[in-house]
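To start, I am sharing the structure in question, which I have written as structure tokens.
The values are calculated or read from the model by the stated rules, or taken from the named source; none is laboratory data. Remember, it's a predicted structure, so these values are computed and weren't measured experimentally. For neighbour counting, all protein chains shown are included, and Cβ atoms are generated from backbone atoms with ideal geometry for every residue, glycine included. For accessibility, only protein heavy atoms count, side chains too; no ligands or nucleic acids. Shrake-Rupley method; radii C 1.70, N 1.55, O 1.52, S 1.80 Å.
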Amino acid sequence: MKRSIAVAGLALGILASPACARSAPEAPRVTISRVMDNANLLDADTERALTLKSDALEKATSDQLVVVTLPSLKGKSIEETGLSLGRRWGVGQKNLDNGVLLLVAPKEHKVRIEVGYGLEALLTDDRAAAILRQMMVPFKAGNYAAGIELGVARIDTLLLSNRKRPQYRRPEMRKAA
């Protein structure tokens, strides 16, 4: 069963059904980069550092980490938006389903971590919630860049801690691999 956990007014969760993805707002069709700062929360140096960290993570583990900031969710839920972006952009290796999307929507005060099935036993709901709670300290002070850097660093450390892939939580997913 898929769950979402509310953390200090923020939503997080794992990938949900395809039906949700169809109703999410349209995102700009562009070449996907590691960091897509559409809400202009990051300076050029921070964006470059996050991109390098994400590139290094993929080289070390094959996991793909994408950071997206949006100026608005346009009336949609962060769950719908995150799921839609992750699926449309194909975050993660298809055969490993090892993508992670960190989505920040400052106008709505929402942040979400979407995790591919292949990483759900490593980046669990509880661990993602802990990361989001840590990100809240700089976010509450208005420093989104520091919060995003902290979140990326925590996700990176966790994914590097165990390089076995895929890491399915549910036994039925293990059989399908």
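On a full-extension model of 0.36 nm per residue, what is the gain between D55 and R127, subtracting their alpha-carbon distance, rounded to one decimal in nm?
23.7 nm
Taking Rh as the Kirkwood radius computed over C-alpha pairs, what is the Stokes-Einstein D of the range 87-177 at 20 °C in a medium of viscosity 1.002 mPa s, expressed in µm² per second?
My calculation gives 154 µm²/s for D.
Under a plain spin-label model, where a point goes 7 Å from the Cα along Cα-to-Cβ, how far apart in nm are R48 and K164?
Calculated label separation equals 4.0 nm.
Another question, then. For T69, what residues show an amide H to amide H distance below 5 Å, using hydrogens built from the backbone and excluding near sequence neighbours?
Answer set, sorted by chain and number: M36, D37, N38, A39, V104.
What FRET efficiency comes out for N40 versus K94 if R0 is 35 angstrom and r is the Cβ-Cβ distance? Round to the nearest 0.05.
So the FRET efficiency works out to roughly 0.65.
With only Lys, Arg, Asp and Glu charged, each at its Cβ (+1 for the first two, -1 for the last two), find how big the charge dipole of the range 97-177 is about the Cα centre; round to the nearest 20 debye.
Result for the range 97-177 is approximately 180 debye, rounded to the nearest 20.
Moving to a separate point now. At M136 and S33, where each label point lies 7 Å from the Cα along Cα→Cβ, what is the point-to-point distance in nanometres?
According to this spin-label approximation, the distance is 3.2 nm.
If you don't mind, there's one more thing I want to ask. Roughly speaking, to the nearest percent, how much of the range 107-149's 1.4 Å accessible area is carbon and sulfur?
53
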